[in-house]
1. With N denoting the number of residues in segment 12-139, provide Rg(C-alpha) divided by 2.2 N^0.38 Å, to two decimal places.
2. Per residue, what volume in Å³ does the convex hull of the Cα atoms of segment 291-364 enclose?
3. Would you mind pulling out the separation of the Cα centroids of segment 232-259 and segment 1-69, in Å?
4. Write down the Kirkwood hydrodynamic radius of segment 143-220, to one decimal in angstroms, obtained as one divided by the mean of 1/r over all alpha carbon pairs.
5. Order the peptides 333-341, 138-146 from the highest to the lowest mean number of other Cβ atoms within 10 Å of their residues.
6. When the Cα centres of segment 363-378 and segment 322-353 are compared, how far apart do they sit, in Å?
7. Largest first, please: the extent of the C-alpha atoms of the chain along each principal axis, to the nearest Å.
8. When the distances between all Cα atoms of segment 108-154 are binned every 5 Å from zero, what whole-number percent does each bin get?
Ligand SMILES: Cc1ncc(COP(=O)(O)O)c(C=O)c1O
C-alpha cells in the first residue's frame with residue numbers, strides 16, 4: 001500500500017528557503033543536511049497556527065508545562081528525578097555544545113571526542129582554543145565500536161571533558177548499556193565532565209539496543225550535562241529550540257550562563273511545537289520511524305548488492321547512513337556531486353582538518369526522503385560507480 005510520504009515531489013521540496021534543496025543546482029539530488037523531507041504532523045501544524053492567533057509577544061520562556069513533560073521523557077530514558085531547575089532552554093542544541101566547552105574547560109585544555117563526529121563537536125572545541133583528543137571509532141564486523149585502548153591513551157593531565165554523541169552522528173550507533181557503563185567508569189576514574197548530546201534519542205529502530213541516557217546512573221549524574229531537543233524527532237529544525245539538562249541545577253546554570261546575554265531564548269512557536277509534539281506526536285513518530293526503518297534496510301541492501309566496493313553498517317538509530325565508497329575513492333563527496341549529481345556530506349567534515357584525509361572515501365547519506373527520491377539517488381550513485 002502506498003504511504004503518504006511516497007507522494008513527495010521534488011518541485012514541492014525545492015522551495016526558496018530550503019537549505020537542503022536550494023544549496024545545489026536543480027539537477028542535483030540533495031540527501032545531505034539532517035532534516036527530513038516529510039511534513040510534520042497535522043496536529044503540530046494546527047497547534048502552530050492556533051498559537052499565532054494568541055499573539056506572539058514575550059512569553060514564559062522557562063515554560064513550566066514543557067519542563068514537566070520533559071521530566072517525564074527523561075525519566076523514560078533512565079534520568080529519574082531531574083529537578084525542574086535542572087532543565088534550561090536553549091535557542092537550539094549546537095549552542096549547548098559550545099557552552100559546555102566554554103564553561104567546563106579552560107583555553108588550552110583537552111577535550112575528548114570520538115571520530116568521526118557531527119562537525120559542531122570538533123568546531124566547538126577548536127574554535128574556542130581547546131585541543132581535541134580525537135579517538136577514531138574502530139570498525140568491528142557488525143558495527144562501529146569504541147576503541148577503549150585508544151580512549152585511555154588519549155587522556156592527558158589536561159583532559160577535562162568528554163563530548164559524547166548518543167546516538168552517534170554519523171554512524172547511527174546507540175551505545176549499549178555495557179558501553180555506557182564502561183564510559184561512566186572511565187569518566188569517573190579520569191574525573192571528567194561529560195556533555196552528552198542525545199538529540200537523536202527517539203529515532204531508534206526496532207531491534208537496536210534500548211536507549212538509555214548517559215546520565216541515567218547516579219555515579220555520573222552530577223558531572224554530566226545532557227542536550228536534548230525536538231528537531232530531529234519531529235522534523236522542526238527551522239523552529240530552533242533545545243534544552244540543557246543536569247541533575248545538578250548549578251552545573252546546568254554554569255553552562256547555560258557562560259555566554260551571558262549572548263545566548264538568547266527559543267521562540268514561542270518552538271515551545272508550542274515541542275509541547276504538542278510530546279503530547280500528540282506519538283502516532284506520527286511511530287509511522288515515520290517505520291518508514292525510515294524500511295528506507296534504512298533498503299539503503300543497506302542496495303549498498304551491499306549494487307554499489308561495487310562500497311560498505312556500510314546499518315545505523316541502529318538516526319536517518320543517516322555512513323558509507324565507505326572504498327579506499328580507492330578519493331574525495332568521495334565531491335566526486336559524487338560531480339559524477340552522480342547527488343549531494344551527500346563528505347566524510348572529512350566529520351573530523352578536525354588534520355585527520356580529514358583519512359576519511360576521504362566516506363560520505364553521510366540522509367535517507368529521510370521518499371522511497372522514489374532515495375531510489376533515484378542510489379541509482380545515480382550506482383551508475384557513477386559502474
Ligand atoms: C548530534 C546533533 N546535535 C545537534 C544538532 C543540531 O541541533 P540544532 O539544530 O538544534 O542546533 C544535530 C543536527 O544534525 C545533530 O545531529
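Read-outs throughout are calculated quantities, based only on the coordinates presented, and are distinct from any laboratory measurement. Note that the structure is predicted; figures quoted are calculated from it, not measured. Reconstructed Cβ throughout: ideal geometry from the backbone, glycine too, with neighbour counts over all protein chains shown.
1. 1.41
2. Spread over its residues, the Cα hull of segment 291-364 gives 94 Å³ apiece.
3. Computed from Cα coordinates, the inter-centre distance equals 20 Å.
4. Values: mean 1/r = 0.0758 Å⁻¹.
Value: 13.2 Å, from the Cα pair sum.
5. Values: 333-341: 17.9, 138-146: 13.4.
Top to bottom by mean Cβ count within 10 Å: 333-341, 138-146.
6. Taking the Cα centre of segment 322-353 as reference, the centre of segment 363-378 is 15 Å away.
7. Here the spans come out as 57, 57, 36 Å, largest first.
8. Answer for segment 108-154: a P(r) of 5, 24, 26, 21, 15, 6, 3, 1 percent.
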